[in-house]
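What follows is a single structure, written as structure tokens, with notes after it.
The values are calculated or read from the model by the stated rules, or taken from the named source; none is laboratory data. None of these values were measured; they are calculated from a predicted model. No Cβ is skipped: glycine too gets one built from the backbone with ideal geometry, and neighbour counts run over all protein chains shown. SASA here: full protein model, heavy atoms, side chains in, ligands and nucleic acids out. Shrake-Rupley method; radii C 1.70, N 1.55, O 1.52, S 1.80 Å.
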Amino acid sequence: MTKLRKAVLPVAGLGTRVLPATKVTPKEMLPVFDRPALQYVIDEARAAGIEHFVFVTGRNKSAIEDYFDSAYELEHTLQAKGKTGLLDELSGLLPEAGRCSFVRQQAPLGLGHAIWCARDLVGDEPFAVMLPDMIMVSDPPCLAQMAAAHAEVGGNIISVEAVPRADVSKYGIVDVGASSGAGLRHLNAMVEKPAVEDAPSNLMISGRYILQPEIFDLLADQGAGAGGEIQLTDAMVRLMSKASFHAFEFTGRTYDTGSKMGYLEAFLALALEHPDHQSDAADMIKAFAARL
Ligand code: G1P
């Protein structure tokens with residue numbers, strides 16, 4: 001079984017649902033408590049053994065590239081002030097030199113097109129896709145659980161979780177069959193952004209995928225689907241007819257930072273999860289609640 005080594009992170013989106021905060025700051029760089037949203041996703045990837053990060057970026061996203069680089073002036077100043085603890089913490093967050101690649105999606109043609117832009121950098125091996133809007137918290141982390149399952153069963157695996165029935169038209173929705181152990185279920189069908197009455201279930205595709213490289217050939221000629229965009233889900237439907245697909249039922253906590261209320265929830269939740277600050281954060285939130 002080929003080891004999972006690479007993750008593709010589509011970060012080209014404009015973040016229109018969080019404007020004006022995202023006018024000059026990429027949405028992936030917005031702080032969620034004390035670090036950019038993207039850092040949580042990178043940490044999750046590293047915990048799953050991912051060695052190489054492929055960022056599919058766009059215009060006005062250069063802050064992401066700068067974040068995954070050393071910051072000479074900052075490091076020099078921290079060194080001069082003897083703040084070595086902070087220096088170590090910062091350098092520990094960075095992937096190793098040479099482990100990040102950046103490729104631009106030149107037009108906003110959809111998630112499927114964004115993933116296809118990574119084809120040369122991924123090459124002929126299985127890879128993860130991580131949607132950075134979704135911060136997923138659990139121990140072990142979501143992708144690590146999926147990578148362990150993948151080492152057992154191979155093929156393609158996508159994370160799913162239940163959403164209120166009224167929300168199904170915002171997501172890719174799956175139909176699952178029998179349990180096949182380790183949180184996996186056989187995938188019977190999936191559809192991108194169905195109408196409520198057409199949705200096969202209320203299980204959404206929640207933003208972590210392990211895919212086989214055959215998906216790239218299918219994405220190459222994938223026509224536009226829901227919303228007039230080239231959808232990853234539509235190419236996965238075609239791959240399902242020739243390759244094994246499982247759904248992984250994630251049971252941790254998922255925060256969607258792509259909307260204003262989701263971002264607020266993520267910010268509060270991650271403050272409450274921070275080992276050094278959770279107690280002060282809880283006191284602050286209780287004091288706020290008492291004033292409502
Ligand atoms: C994308 C996927 C969809 C998935 C969703 C999760 O949609 O196409 O299948 O359920 O992410 O957030 P988007 O949010 O890009 O419209």
Seminar exercise, completed: Quick shape check on region 1-42: root eigenvalues a ≥ b ≥ c of the Cα gyration tensor, a/c under 1.5 is rounded, otherwise prolate if a/b tops b/c, else oblate, and it reads oblate
For this session: Order the peptides 239-250, 200-211 from the highest to the lowest mean number of other Cβ atoms within 10 Å of their residues.
Result: 200-211, 239-250
Exercise. If one puts a single equal scatterer on every Cα of region 68-151 and applies the Debye formula without solvent, what log₁₀ I(q)/I(0) results at q = 0.13, 0.19, 0.25 Å⁻¹?
Worked result: -0.70, -1.07, -1.24
Exercise. Residue by residue through region 181-198, which ³J(HN,Hα) values in whole Hz follow from phi under the Karplus form 6.51 cos²θ - 1.76 cosθ + 1.60 (θ = phi - 60°), with glycine and proline marked x?
Worked result: x, 6, x, 8, 10, 5, 9, 8, 6, 8, 8, 8, 6, x, 5, 3, 6, 9
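Nearest 500 deg cm²/dmol is fine: what mean residue ellipticity at 222 nm does the chain get from its DSSP H runs of n ≥ 4 alone, each adding -39,500 (n - 2.57), divided by its residue count?
-9500 deg cm²/dmol
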Seminar exercise, completed: Amide H neighbours of PHE245 at under 5 Å, excluding residues fewer than 5 places away on the same chain, with H built from the backbone geometry, are ASN156, LEU187
Seminar exercise, completed: The correct pair for region 59-101, radius of gyration to one decimal and Dmax as a whole number, both in Å and from Cα atoms, is 11.8, 37
Exercise. Among the DSSP beta bridges whose two residues both lie in the chain, what percent are antiparallel, rounded to the nearest 5?
Worked result: 60 percent
Exercise. From the Cα gyration tensor of region 202-243, with a ≥ b ≥ c the square roots of its eigenvalues, which class applies: rounded if a/c is under 1.5, or else prolate if a/b is larger than b/c, or else oblate?
Worked result: oblate
For this session: Determine ³J(HN,Hα), in whole Hz, for all residues of region 121-130 in sequence, where each value follows from phi through the Karplus function 6.51 cos²θ - 1.76 cosθ + 1.60 and θ = phi - 60°; x replaces Gly and Pro.
Result: 6, 7, x, 9, 8, x, 8, 9, 10, 10
For this session: Hey, can you grab everything whose amide H is under 5 Å from the amide H of PHE102? Only 5+ residues off in sequence or another chain; H modelled, so Pro and N-termini drop out.
Result: PHE55
Seminar exercise, completed: Expected sort for 285-292, 147-154 on mean C-beta neighbours within 10 Å, highest first, is 147-154, 285-292
Exercise. Kirkwood hydrodynamic radius of region 120-270 from all distinct Cα pairs, in Å?
Worked result: 15.9 Å
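Can you send over the carbon and sulfur percentage of the accessible area for the chain, probe radius 1.4 Å, protein chains only?
That fraction is 53 percent.
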Exercise. Out of residues 5 or more away from VAL8 or on other chains, whose amide H comes under 5 Å of its own, with H placed 1.01 Å from N in the peptide plane?
Worked result: VAL54, ALA128, VAL129, MET130
Problem set entry | Sequence-separation-based contact order of region 54-103, relative, with Cα cut under 8 Å and 6+ spacing, percent | 67 percent
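Please give the net charge around LYS242, taking every other residue with its beta carbon less than 13 angstrom from that of LYS242, where Lys and Arg add +1 and Asp and Glu add -1.
-1
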Problem set entry | Counting DSSP beta bridges with both ends in region 156-292, the antiparallel % (nearest 5) | 75 percent
For this session: Using only Cα atoms, figure out Rg for region 9-81 and give it as a multiple of 2.2 N^0.38 Å.
Result: 1.23
For this session: Report, to the nearest 10°, how far helix 260-273 tilts away from the longest principal axis of the Cα atoms in the chain, using its own Cα long axis and a range of 0 to 90°.
Result: 60 degrees
Seminar exercise, completed: Taking only the alpha carbons of the chain, the radius of gyration and the largest Cα-Cα distance, Dmax, both in angstrom, are 19.4, 63
Problem set entry | region 198-280: C-alpha gyration tensor shape, a/c 1.5 cut-off, then a/b vs b/c | prolate
Seminar exercise, completed: For region 44-54, in residue order, the Karplus 3J(HN,Hα) values (coefficients 6.51, -1.76, 1.60; θ = phi - 60°; whole Hz; Gly and Pro = x) are 4, 5, 5, 5, 8, x, 5, 10, 10, 10, 10
